[in-house]
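Inspection log for the structure reproduced underneath, given as structure tokens.
The values are calculated or read from the model by the stated rules, or taken from the named source; none is laboratory data. Everything numeric here is computed off the predicted structure, so don't read it as measured data. Every residue, glycine as well, gets a Cβ built from its backbone with ideal geometry; the counts of neighbours run over all protein chains shown.
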Amino acid sequence: MKILKYFFLLLFFSGNAQILTLEECYTLAKQNYPLIKRHDLIEKTKEYTIQNAAKGWLPQIQIVAQATYQNDVTEIPIKIPNFTVDPVSKDQYKVYADIQQNIYDAGMVSNQKKMAAINSEIESQKTEIETDQLKLRINQIYFGILQTNEQLEQTELTRSDLKNGLKKAEAQLENGIIFRSNVDILKAQLITIEQKQIELQSMKKSLLQTLSVFIQKKLDENTPLEKPQKILIQDENKRAELKLYDLQKIGLEQQKSNINTKNLPKLGAFFQGGYGKPGFNMLKNEFDLFYIGGLRLNIPISGLYTKKNDLAIIETQQQEIEVQKENFLFNQQFQTIQNNNDLDKIQQLITQDDELIHLRESIKQATFAQLENGVITTNDYLREVNELDRAKNQKITHEIQYLLTQYNLKAQINQ
């Protein structure tokens, strides 16, 4: 009756509570993971950097104030009758605005925008790599809860078998067929089973609380969890690290473009205007307005000294990234082989578990009949009940291990 009550309760809660799935746990854990906030910060940084780069097309304005004193000034070395030219003062003053305007920058601003976008993607991908590891942690917790659920069900079945045996033993004790110690053996085993249930319930509670923290959703012992189905793993590897390597190589290609652009001619307009003593007329020794404007062609030469080595450094960095990618895939291949071998082994064990349970079930039923007829002792019956319990728990463990290995493999290749 207690078993039926247990299952009715399970059906009741299953029908009245939303079933939690593994995929839902993945989604909620990722949404509530503190590191996910970094995506917004990275996006804001990208926007600010691009905005700053775009301002390279705005006029660059500089206000300069200058006061100087010099030991000598230019004088006219000849004297002209009836004409006097005062020498320029040795103390001179100047306040002016210097304005520079890009006309052609050879793509410098555009490259800075592209570099900002690429760097943003790289940082976001690094965050993705860390959040992807959440799946492995969720798998351990989620399948741990499923295992404790099934083990609790199994201990309840074993407890029922022991109580049935205890009823028979107590009847035999009343008839003087067996000793009280035979009854006490079954009672002691019932207490052991109840202790095991307490341990499993405590473990389940701890796992549920941990999962609740990850997904930021209140869970209790009655929250139903969906048991995932076996899945077919594809060979395609979609790990975030692979995209990161590609983005890093794209970033290095952009750096090459920046180096080439840096050494191209640039054309700009300039204007300088102000007020000072003297102005541009050096023969006029008084404060005056002045201005000058024009075009400026800038042809960088010194950058060519290091251009070859700068490009060679980037080539080396690209090769290093390729080596890291090959090493990552190499280790991934070994991990995949190990997981596939584990899956084959566990599947064979599950097949044998079924055979073993069938045999143990048959033996247990036979011993129960023998106990009822007084042919065997309670020790003999208890031994077979424990063996059946061990076989069923072993199958539970193997089945959960199989699913855990499958979903870990799926997470490891990010499918």
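Selection of helices (runs of 4 or more DSSP H) fully inside segment 1-100 by the criterion of at least 2 residues being modelled with pLDDT under 85 and out of contact with any Leu (no Cβ under 7 Å at 6 or more places or on another chain) returns 2-16, 38-54. Might you check whether a residue that is among the hydroxyl-bearing types (Ser, Thr, Tyr), more than 30 Å from Asn139 (Cα to Cα), in contact with a helix residue (DSSP H, G or I) (Cβ under 8 Å, 6 or more places away or on another chain) and assigned to a helix (DSSP H, G or I) occurs anywhere in segment 379-399? Yes: one or more hits.
Among the residues examined, Thr223 qualifies as hydroxyl-bearing (Ser, Thr, Tyr), under 33 Å from the mean Cα position of the chain (by Cα) and at pLDDT below 90. For segment 164-184, the criterion of a residue being of a type in the set (D, E, K, R) and closer than 24 Å to Tyr407 by Cβ is satisfied by no position. A Cβ distance below 7 Å, combined with a sequence gap of six or more or placement on separate chains, defines the contacts here; from segment 85-96, residues that are within 24 Å of Ile63 (Cβ to Cβ) reach residues that are surrounded by 13 or more Cβ atoms within 10 Å (Cβ to Cβ) and among the hydroxyl-bearing types (Ser, Thr, Tyr) in the pairs Val95/Tyr275. Applying the condition of being of a type in the set (A, V, I, L, M, F, W, C) and not in a loop (DSSP other than H, G, I, E, B) to segment 361-378 and asking which residue is nearest to the chain's Cα centre (by Cα) yields Ile363. The residues of segment 354-391 that are farther than 24 Å from Gln172 by Cα and basic (Lys, Arg), listed by number, are Arg360, Arg390.
Pairing each residue of segment 266-287 that is assigned to a strand (DSSP E or B) with any residue that is among the hydroxyl-bearing types (Ser, Thr, Tyr), provided the two are 6+ apart or on different chains, yields C-beta distances under 6 Å for Leu267/Tyr104; Gln272/Tyr96; Gly273/Tyr291; Gly274/Tyr96; Gly276/Tyr93; Lys277/Tyr93. Being in contact (Cβ under 8 Å) with a residue 24 or more places away in the chain and assigned to a loop (DSSP other than H, G, I, E, B) narrows it down to one residue among Ile231, Ile193; which is it? Only one candidate qualifies: Ile231.
Any idea which residue in segment 400-415 is farthest from Thr155 (Cα to Cα), counting only those that are assigned to a helix (DSSP H, G or I) and of a type in the set (S, T, N, Q)? Across segment 400-415, the extreme among qualifying residues is Gln412. For segment 325-360, a tally of residues being without any contact (Cβ under 8 Å) to a residue 24 or more places away in the chain and either among the polar types (S, T, N, Q) or not in a helix (DSSP H, G or I) (or both) returns 8. Only one of the listed residues (Lys163, Lys135, Lys168) is surrounded by fewer than 18 Cβ atoms within 10 Å (Cβ to Cβ), not in a strand (DSSP E or B) and not hydroxyl-bearing (Ser, Thr, Tyr). That residue is Lys163.
Contact map, segment 302-324: first residue under 18 Å from Gly251 (Cα atoms), second residue among the hydrophobic types (A, V, I, L, M, F, W, C), Cβ cut-off under 8 Å, separation 6 or more or different chains; pairs are Lys307/Ile259; Asp310/Ile259; Leu311/Ile259; Ile314/Leu252; Ile314/Ile259; Gln317/Leu252; Gln318/Leu252; Ile321/Leu252. Residue count for segment 118-142 under the criterion of being without any contact (Cβ under 8 Å) to a residue 24 or more places away in the chain and over 24 Å from Gln229 (Cα atoms): the result is 0.
This table checks each residue for (1) in contact (Cβ under 8 Å) with a residue 40 or more places away in the chain; (2) closer than 30 Å to Ala117 by Cα; (3) β-branched (Val, Ile, Thr); (4) touching a Ser or Thr at 6+ places or on another chain (Cβ under 9 Å).
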residue	(1), (2), (3), (4)
Ala169	yes, no, no, yes
Val183	yes, no, yes, yes
Glu199	no, no, no, no
Leu208	yes, no, no, yes
Leu225	yes, no, no, yes
Arg239	yes, yes, no, no
